[in-house]
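These notes are about the structure you will find just below.
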Amino acid sequence: MSFRIRIPSIWRAKRFLYRLEGYRCSRCGEFHTHSRYVCRRCRSRELTLERLPTRVRLVDYTVVHQATRNNEDNLPFIVGLVETPDGVKILGQITDCEPEDLAPGMELETTFRRIGVDGDANIIVYGYKFRPEIH
Amino acid sequence: MGTAAVVGVGHTQFGQRSDMTLAELAWHAIKEALQDAGITQRDVDYVVTSNVGGWSSEPLPAILVNEYSGLGDVGVMRVEAACASGSAAIRAAYNAVASREAEIALAVGVEKMTESPTLQAVELLGRAGNFFWEFEQFGLTFPAYYALYATAYINQYGAKEEDLAAVAVKNHFYGSLNSLAHFQKKISIEDVMSSRYIAWPLKLYDCSPITDGAAAVVIASEDMARKLTDTPVWIRGIGVASDTSNLSRRQNFLGLASTVKAADEAYRKAGIDKTEAVRRLDLAEVHDCFTIAEILAYEDLGFVGRGEGYALAREGETYKGGLIPVNLDGGLKAKGHPIGATGVSMAVEAVKQLRQQNAKARQADIKNGYALTHNVGGTGHYAYVTIYSLNRPTQS
C-alpha cells in the first residue's frame with residue numbers, strides 16, 4: 001500500500017509552502033494557510049492574500065529520531081513551532097543548526113529548501129524551513 | 001434518558017497476538033463479557049465495534065466480528081475516534097440503552113496492529129493529525145506531537161525528564177502485576193533514561209507499545225441490570241470534546257483543552273465538584289500513550305493545579321495508597337495500547353476495580369465507589385471522560 005501524496009496536493013498548497021502566503025481575515029485578523037471563502041473564526045468573507053514576515057520566534061521544538069520512509073534520510077531532524085510577530089503560529093523543520101543551538105524565544109529566519117521526495121517517481125518537494133539568523 | 005449500567009466485562013491477553021484473527025480475538029473478549037453478565041448472544045440488541053484499522057486488512061470489522069461471534073442480525077456499527085474509539089463505542093452503546101432503543105448493548109474494542117510492520121504502523125499513527133501540514137511536509141510522528149507538549153511543559157514548569165520516567169516506572173510496576181498486560185517486567189528510572197530518543201525529549205520507554213488485543217463490555221438498562229446482577233456498575237457521566245486538527249492552532253501546549261472540557265461535562269453529569277474529584281474518586285484510568293500525557297492528564301482532570309502534575313509523578317502520589325491511584329493495570333504504557341481496544345479496556349479495568357476483583361497488590365481501596373476513565377484520541381483531537389460508580393444515579 002502506498003501512502004504518498006500526489007502532485008495536486010502540493011500544487012494546491014504552493015502559495016504557502018513556497019512563499020508563506022496565506023489568507024488574512026480583514027475583519028478579525030485570523031490567518032489561514034489555505035485559500036478560503038469564509039474566515040474560520042468570525043465567518044467574514046473578506047479575506048486578503050498576505051505574505052507572512054520572514055523573521056519568526058521559536059516557541060517550541062522537538063528532535064525526531066525515528067521517522068518513516070520519506071524522512072529517513074534526514075534523521076535526526078528538528079521540527080519547530082514558531083510564531084510571527086503578530087501571533088500566527090506555524091510548524092516547520094529547522095535546519096542549518098544543531099538542537100543545542102536552539103532555545104525557546106530565539107529569532108529564526110525562513111529559507112527555501114528541498115523538503116523530500118514523493119511517490120515512486122521521486123518527485124522533489126520544495127518548501128520553507130527555518131534557521132537561526134546568520135550574523 | 002434512562003439509566004444504564006455495565007453488567008459484564010471481558011478482556012483478552014494484550015500483546016503480539018499472531019495466534020488469532022481479528023474476529024477470533026474480539027470473540028474471546030465478547031464470550032467472557034457475555035458469561036460475566038450471565039447472558040447469551042441472543043440477549044444482545046445492539047453492537048458497537050471500535051476498530052481503527054489500517055494496519056489490519058478488514059474494512060468491515062463490525063460485520064466480521066458480529067458474524068464470527070454469532071450475534072445474529074442485530075444492528076451494528078463500527079466507530080472511529082482514533083485512540084479514543086473504545087470510549088466512543090461505549091458512549092454509543094450507552095446512548096442506545098439510556099434512550100431505551102436497546103435493553104442490552106455490547107461495546108467491543110479490537111485492534112490487530114502487528115499485522116503490519118512496525119514502521120508502517122508508526123506511519124499510520126503519524127498520519128493521525130493533520131496529515132498534509134504536519135506529517136507529510138514536516139515529518140512529525142505521533143511521538144513528536146506529544147514531544148512538543150513535553151518540551152513546552154518542561155520549559156514552563158522546570159520538570160525533568162526523570163519526572164516523565166517516573167510515570168513509566170509506575171506503570172511498568174503495575175503491568176508486572178497484571179497477567180493480561182503486554183509488558184510484565186518492572187523497569188527503573190535508569191532503564192528509561194538510557195533508552196534511545198524517539199522524539200526528544202521522549203525516549204523509547206516514554207512511549208506506549210504497538211499491541212494487539214480486544215475488550216468488551218455489556219451495558220444494560222436499569223431493569224435488566226437489576227435482573228442480571230447485584231453489583232451493576234452505573235455509567236454516571238460521559239463527557240466528550242474535540243480540538244483542532246492542526247497543532248499550530250492550539251492555544252498552548254501545557255494541557256489538552258479537549259480533556260478539560262470533557263472532564264467538566266463528566267463531573268457535572270456525575271454530580272462531582274471538580275475541585276473535590278481527587279477525594280471522590282477511588283482510582284483513575286488515564287490515557288498515558290506517552291509519559292507526558294499522563295502528567296498533563298493529572299492537571300487537565302483537576303487532580304492537581306497547573307504545573308503540579310510532575311511533582312505527583314515524582315513523589316509517587318499516583319501509586320496505590322497515594323493521593324489517587326492511576327493506571328493500576330499498567331496503563332497504555334505497560335498493558336499495551338491496541339488503539340481501538342484501549343477505551344473499552346479502561347472500562348473493564350474500572351469495573352473490575354469497583355467490584356474488587358483484582359489481585360490484592362493492584363486492587364485500589366474502594367471507599368466511595370467511583371472510578372474515572374480518560375481516553376484521548378490523537379493529540380487531544382478527541383477526548384472522552386467517563387465516570388463509573390457502584391452508586392445508582394439519583395432520579396433527575
Self-check item: Residue identified as away from every other protein chain (no Cβ under 14 Å) and either on the phi < 0 side of the Ramachandran plot or touching a helix residue (DSSP H, G or I) at 6+ places or on another chain (Cβ under 9 Å) (or both) among A:L47, A:L52, A:L17
Solution: A:L47
Quiz prompt | Of the criteria (1) more than 28 Å from B:S179 (Cα to Cα); (2) under 13 Å from the mean Cα position of the chain (by Cα); (3) of a type in the set (K, R), which one B:K333 fails | solution = (1)
Quiz item: Within segment A:74-99, how many residues turn out to be more than 24 Å from A:C28 (Cβ to Cβ), within 11 Å of chain B (Cβ to nearest Cβ) and in contact (Cβ under 8 Å) with a residue 12 or more places away in the chain?
Solution: 10
Self-check item: segment B:234-247 residues that are within 11 Å of chain A (Cβ to nearest Cβ), paired with ones that are open to solvent by 10 Å² or more (accessible area, probe 1.4 Å) (beta carbon under 6 Å, 6 or more apart)
Solution: B:N246/B:N130; B:N246/B:W133
Self-check item: Qualifying position, being of a type outside the set (S, T, N, Q) and over 17 Å from the mean Cα position of the chain (by Cα), among B:V52, B:V65
Solution: B:V65
Quiz prompt | segment B:248-266, residues that are in contact with a strand residue (DSSP E or B) (Cβ under 9 Å, 6 or more places away or on another chain) and within 14 Å of chain A (Cβ to nearest Cβ) | solution = B:S248, B:R249, B:R250, B:F253
Quiz item: Is there a residue being more than 14 Å from every other protein chain (Cβ to nearest Cβ), out of contact with any helix residue (DSSP H, G or I) (no Cβ under 8 Å at 6 or more places or on another chain), closer than 30 Å to B:G307 by Cα and assigned to a loop (DSSP other than H, G, I, E, B) anywhere in segment B:179-202?
Solution: yes
Quiz item: Pick from A:D120, A:D96: which is modelled with pLDDT under 90, out of contact with any helix residue (DSSP H, G or I) (no Cβ under 6 Å at 6 or more places or on another chain) and assigned to a loop (DSSP other than H, G, I, E, B)?
Solution: A:D120
Quiz item: Does A:G22 satisfy the criteria of being at positive phi and more than 9 Å from chain B (Cβ to nearest Cβ)?
Solution: no
Quiz item: Among the residues of segment A:25-42 satisfying the criterion of being of a type outside the set (D, E) and within 11 Å of chain B (Cβ to nearest Cβ), which is farthest from A:G116 (Cα to Cα)?
Solution: A:R41
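Residue-by-condition table, conditions (1) open to solvent by 50 Å² or more (accessible area, probe 1.4 Å); (2) of a type in the set (D, E, K, R); (3) within 14 Å of chain A (Cβ to nearest Cβ); (4) over 30 Å from B:Q41 (Cα atoms):
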| site | (1), (2), (3), (4) |
| --- | --- |
| B:D163 | no, yes, no, yes |
| B:G175 | no, no, no, yes |
| B:A216 | no, no, no, no |
| B:E222 | no, yes, no, no |
| B:K227 | yes, yes, no, no |
| B:P232 | no, no, no, no |
Quiz item: Any idea which of B:L247, B:L228 is of a type outside the set (D, E, K, R), more than 23 Å from the chain's Cα centre (by Cα) and over 30 Å from B:M20 (Cα atoms)?
Solution: B:L228
Exercise. Output yes when any residue across segment B:301-321 is under 16 Å from the mean Cα position of the chain (by Cα) and crowded, with 21+ Cβ neighbours inside 10 Å, and no when none is.
Key: yes
Quiz item: For B:V97, all conditions in the list (1) within 23 Å of B:V233 (Cβ to Cβ); (2) part of a loop (DSSP other than H, G, I, E, B) hold save one; what is the number of the exception?
Solution: (2)
Self-check item: Residues that are acidic (D, E), farther than 20 Å from B:A88 by Cβ and touching a strand residue (DSSP E or B) at 6+ places or on another chain (Cβ under 7 Å), drawn from segment B:106-146
Solution: B:E134
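This table checks each residue for (1) surrounded by 19 or more Cβ atoms within 10 Å (Cβ to Cβ); (2) farther than 26 Å from B:T114 by Cβ.
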residue	(1), (2)
B:Y157	no, yes
B:A166	yes, yes
B:K170	yes, no
B:L180	yes, no
B:Q184	no, no
B:I198	yes, no
B:C207	yes, no
Exercise. Examine segment B:129-141 for a residue that is aliphatic (A, V, I, L, M) and within 30 Å of B:A216 (Cβ to Cβ), and state whether such a residue exists.
Key: no
Quiz item: Out of all the residues in segment B:145-155, which are in contact (Cβ under 8 Å) with a residue 40 or more places away in the chain and either surrounded by fewer than 24 Cβ atoms within 10 Å (Cβ to Cβ) or over 25 Å from A:K14 (Cα atoms) (or both)?
Solution: B:Y146, B:A147, B:L148, B:Y149, B:A150, B:T151, B:A152, B:Y153, B:I154
Quiz item: Which fully enclosed strands (runs of 3 or more DSSP E) of segment B:1-85 have 3 or more residues being crowded, with 24+ Cβ neighbours inside 10 Å and not hydrophobic (A, V, I, L, M, F, W, C)?
Solution: B:4-11
Exercise. Filter segment B:86-115 down to residues that are surrounded by fewer than 19 Cβ atoms within 10 Å (Cβ to Cβ) and under 13 Å from the mean Cα position of the chain (by Cα), then give me how many there are.
Key: 0
Exercise. Give segment A:50-96 a look and list any residue that's among the hydrophobic types (A, V, I, L, M, F, W, C) and over 17 Å from the mean Cα position of the chain (by Cα), or say none.
Key: A:A67, A:L75
Quiz item: What about B:E134, is it over 22 Å from the mean Cα position of the chain (by Cα) and either more than 11 Å from chain A (Cβ to nearest Cβ) or crowded, with 23+ Cβ neighbours inside 10 Å (or both)?
Solution: yes
Practice problem: Would you check which residues across segment B:37-53 are touching a helix residue (DSSP H, G or I) at 6+ places or on another chain (Cβ under 9 Å), on the phi < 0 side of the Ramachandran plot and not hydrophobic (A, V, I, L, M, F, W, C) and list them? | Solution: B:T40, B:Q41, B:D43, B:D45, B:Y46, B:T49, B:S50, B:N51
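The values are calculated or read from the model by the stated rules, or taken from the named source; none is laboratory data. None of these values were measured; they are calculated from a predicted model. For neighbour counting, all protein chains shown are included, and Cβ atoms are generated from backbone atoms with ideal geometry for every residue, glycine included. The protein model used for the area step is the full one, side chains on, heavy atoms only, and it has no ligands, DNA or RNA in it. Shrake-Rupley method; radii C 1.70, N 1.55, O 1.52, S 1.80 Å.
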